[in-house]
Amino acid sequence: MNDRQPIPNINIGQVYDQRYSDAEVHYDKLGNLAGFFGRNMPVHRHDRFFQVHYVNSGSVRVYLDDQQYVESGPMFFLTPPTIAHSFVTEPDSDGHVLTVRQQLVWNLIEADPSLAPGPQLPAACVALSQLGPAFAAEIRRLEFLFEELREEINDRRAGRGTALDSLTQLIMTSLLRLCARSLQARPARHEDLQIFHRFNELIESHYLEHWALPRYASGIGVTEARLNDVCRRIADLPSKRLILERLMQEARRLLLFTGLSAVEICYRLGFKDPAYFSRFFLRYAGMSPGEYRHSQAHAHDQSPAQE
């Protein structure tokens with residue numbers, strides 16, 4: 001099939017947290033983002049933004065372009081602007097996600113070129129637990145700075161914007177120092193990655209139509225068993241779960257950013273029975289649609305936007 005979709009460009013401030021649509025820096029806990037997007041994050045990019053996932057606990061499968069990494073926390077992976085990447089986290093994985101406008105990072109490198117190996121900063125995946133004692137102080141500093149950033153971004157104190165920029169610069173400096181210790185990528189079967197990415201493309205195009213698995217497999221040109229095997233090998237998730245997680249992501253988005261009722265969202269997502277949709281949401285979110293909307297509205301009220 002030739003109807004390939006371009007790699008999605010995700011702006012966190014528009015898709016996930018509209019309070020930060022024009023912010024230079026966006027921060028949130030890894031668990032919060034995973035709760036919104038799901039365990040599987042299909043291939044995407046962040047135009048004009050660097051992004052770092054600092055994982056304290058749990059394991060993560062990361063694909064930076066065609067490079068594969070499977071690692072447990074503490075670790076981090078850094079994705080420069082436009083680099084295509086995808087990843088899958090364990091349900092109990094937690095840590096920090098920091099998204100930074102590229103100019104802030106470029107200014108650091110321009111001031112001290114020794115922070116980067118060249119003008120094109122490569123993607124990196126660093127296992128902090130594998131670094132020697134010489135890096136212990138830098139790691140402790142990073143953990144402290146992330147906690148300071150988390151507190152600053154959730155408070156409304158004088159000089160908040162300046163403090164966020166300064167903390168972000170310190171964090172990025174430490175991360176860039178450690179990027180030279182990036183892990184060696186593991187070999188990944190190119191054919192498997194092609195099938196997996198094509199499956200996610202088809203999900204994005206047809207999840208609202210509730211395609212059955214045989215139709216997805218046929219659209220890719222593989223058997224259901226082969227498709228499921230690829231999904232388990234790459235994402236450690238069954239193929240059907242990837243479809244359901246995309247439906248859940250859209251349900252969360254509509255509950256969070258629109259005034260649509262649960263019944264209206266039910267039909268918008270292609271469900272025919274509101275009661276079934278409520279049971280579906282409860283099963284995968286652990287709460288009803290109404291409870292989710294209320295809990296998220298309360299959480300946002302407690303977290304003022306960056307000024």
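Things to note:
- Per-residue HN-Hα couplings for segment 193-210 [Karplus 6.51, -1.76, 1.60; θ = phi - 60°; Hz; x = Gly/Pro]: 4, 4, 5, 5, 5, 5, 4, 5, 4, 5, 4, 4, 7, 10, 5, 6, 8, 6
- With a simple spin-label model that places each label point 7 Å from the Cα along the Cα-to-Cβ direction, the separation between L282 and E224 comes to 2.8 nm.
- Descending Cα extents along the principal axes, segment 64-115, whole Å: 39, 24, 19
- Dipole of segment 190-300, positive direction: furthest Cα of I243, G286, L208, with charges on the beta-carbon: G286
- Remark: spin-label model distance K29-A275 equals 3.6 nm, labels positioned 7 Å along the Cα→Cβ axis.
- In sequence order, segment 221-235 has phi-based couplings of x, 10, 7, 4, 4, 5, 4, 5, 4, 4, 5, 6, 5, 8, 10 Hz under the Karplus curve 6.51 cos²θ - 1.76 cosθ + 1.60, θ = phi - 60°, and Gly or Pro positions carry x.
- Backbone geometry of segment 272-279 corresponds, through the Karplus equation with coefficients 6.51, -1.76 and 1.60 at θ = phi - 60°, to 3J(HN,Hα) couplings of 9, 10, x, 5, 5, 4, 4, 5 Hz, x marking Gly and Pro.
- Helix-only CD estimate at 222 nm, as mean residue ellipticity for the chain, using -39500 (n - 2.57) per DSSP H run (n ≥ 4): -15000 deg cm²/dmol
- For the chain, the spread of Cα coordinates along the three principal axes comes to 56, 45, 32 Å, biggest extent given first.
- Square roots of five times the Cα gyration tensor eigenvalues for segment 163-307, Å: 31, 30, 11
- GNM top mover of Y267, Y207, Y27 - the chain, alpha-carbon springs below 10 Å: Y267
- For the chain, built as a Gaussian network whose Cα springs stay under 10 Å, the top-fluctuating residue of P80, P91, P289: P91
- Projecting the alpha carbon convex hull of segment 12-179 along each direction and taking the average yields 9.4 nm².
- With Cα atoms, 0 to 90° folded angle of helix 239-257 axis to the chain main axis: 70 degrees
None of the figures in this text is laboratory data; all of them are computed from the coordinates on show. In this text, all values refer to a predicted model and were calculated from it rather than measured experimentally. In this analysis, Cβ positions are derived from the backbone assuming ideal geometry, glycine residues included, and neighbour counts consider all displayed protein chains.
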